[in-house]
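Trainee: Once you've had a glance at the structure underneath, I'll fire off some questions.
The values are calculated or read from the model by the stated rules, or taken from the named source; none is laboratory data. This is a predicted model, so every value here is computed, not measured. So basically every Cβ, Gly included, is an ideal-geometry build from the backbone, and we count neighbours across all protein chains shown. Surface accessibility is based on the protein's heavy atoms, side chains included, excluding ligands, DNA and RNA. Shrake-Rupley method; radii C 1.70, N 1.55, O 1.52, S 1.80 Å.
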Amino acid sequence: IINEEATEQFAVKEGTEFVSGTGVEEAEGFLTHASLATTNLGSTTVPTYAKLVELLHALATPYFNNATWVLNLATLGVIRTITDGNDNPIWQQGGMVEGLPSTILGKPYALVSEMPAIASAAKSIAVGDFKKAYVWADRVQMEMQRLVEKYAEEGAVGLQFRKRSGGQVVLPEAIRAGVMST
């Protein structure tokens, strides 16, 4: 149970770094990369259908086929209300055929709780080929050390966890972010 909790805490920290890390003593976040291209989504509350299509199609051709949307759950809730010009939702339920994911404009998505919420000037939605754009490396897998002697006088045992990992954007042109603004 303790090992599972520690693993979850490391995952939360890594998720935050993947999205918004500074690159100094932590992984570089893809949203904080200086060369990240952006597309104005035309609203501070609900992106327009046309602007989401524009964001997706602003990707260079080599990255379009493997593109994945990245957004948080609240943003997905907003996206699910958007329809095209024929009143068809841009979000499509997956699972009708085994192995097919739910999609936004025909592309799968990943829910990342660390993505910013929809707000003025926020980069709330990103799309791209993250497998090509971002490298994550686990240099030291999670280790647990029991600290028996240190807490012996109190009749307790301490646990120390260690993990070393890092990440950075290696191909910024494979990702684009949507900026919530008018």
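Trainee: For segment 165-172, does any single residue satisfy the condition of being open to solvent by 60 Å² or more (accessible area, probe 1.4 Å), of a type in the set (S, T, N, Q) and under 22 Å from Pro62 (Cα atoms)? Write out each step before concluding.
Mentor: Let us first name the residues in segment 165-172 that are open to solvent by 60 Å² or more (accessible area, probe 1.4 Å), namely 168, 170.
In the following step, the residues that additionally are of a type in the set (S, T, N, Q) were identified as 168.
Retained after the next criterion (residues that are under 22 Å from Pro62 (Cα atoms)): 168.
Scanning segment 165-172, I find at least one residue that is open to solvent by 60 Å² or more (accessible area, probe 1.4 Å), of a type in the set (S, T, N, Q) and under 22 Å from Pro62 (Cα atoms), so the answer is yes.
Trainee: Give the number of residues within segment 21-67 that are closer than 21 Å to Ser102 by Cβ, open to solvent by 40 Å² or more (accessible area, probe 1.4 Å) and touching a helix residue (DSSP H, G or I) at 6+ places or on another chain (Cβ under 7 Å).
Mentor: Qualifying residue count for the region: 2.
Trainee: Looking at (1) small (Gly, Ala, Ser); (2) loosely packed, with under 14 Cβ neighbours inside 10 Å; (3) in contact with a Ser or Thr (Cβ under 8 Å, 6 or more places away or on another chain), which one does Gly178 not meet, given that it meets all the others?
Mentor: (2)
Trainee: Moving on. If you scan segment 136-151, which residues turn out to be in contact (Cβ under 8 Å) with a residue 24 or more places away in the chain, loosely packed, with under 14 Cβ neighbours inside 10 Å and not acidic (Asp, Glu)?
Mentor: Of everything in segment 136-151, those that are in contact (Cβ under 8 Å) with a residue 24 or more places away in the chain, loosely packed, with under 14 Cβ neighbours inside 10 Å and not acidic (Asp, Glu) turn out to be Trp136, Ala137, Arg139, Val140, Met144.
Trainee: Considering each residue of segment 127-161, count those that are assigned to a strand (DSSP E or B), among the basic types (Lys, Arg) and closer than 30 Å to Glu173 by Cα, and give that number.
Mentor: To start, the set of residues in segment 127-161 that are assigned to a strand (DSSP E or B) comprises 127-128, 134-147, 158-161.
Those still in the list that are among the basic types (Lys, Arg) too: 139, 146.
Keeping just the survivors that are closer than 30 Å to Glu173 by Cα gives 139.
The number of residues fulfilling the criteria is 1.
Trainee: Please state which one of Leu76, Leu55, Leu59, Leu41 is under 24 Å from Gly106 (Cβ atoms) and within 16 Å of the chain's Cα centre (by Cα).
Mentor: Leu76
Trainee: When the residues of segment 108-128 are filtered to those that are free of Cβ contacts under 8 Å to residues at least 60 places away in the same chain and surrounded by fewer than 18 Cβ atoms within 10 Å (Cβ to Cβ), which remaining residue is nearest to Glu54 (Cα to Cα)?
Mentor: The selected residue is Pro108.
Trainee: Given the residues Pro116, Pro172, Pro101, Pro108, which is the only one that is at pLDDT 85 or above and farther than 27 Å from Ala34 by Cα? Working first, answer last.
Mentor: Working: Pro116 fails: farther than 27 Å from Ala34 by Cα; Pro172 fails: farther than 27 Å from Ala34 by Cα; Pro108 fails: farther than 27 Å from Ala34 by Cα.
Of Pro116, Pro172, Pro101, Pro108, the one residue that is at pLDDT 85 or above and farther than 27 Å from Ala34 by Cα is Pro101.
Trainee: Within segment 81-107, track down each residue that is free of Cβ contacts under 8 Å to residues at least 24 places away in the same chain, closer than 17 Å to Thr48 by Cβ and exposed (fewer than 15 other Cβ atoms within 10 Å of the Cβ).
Mentor: Asn86, Asp87, Asn88, Pro89
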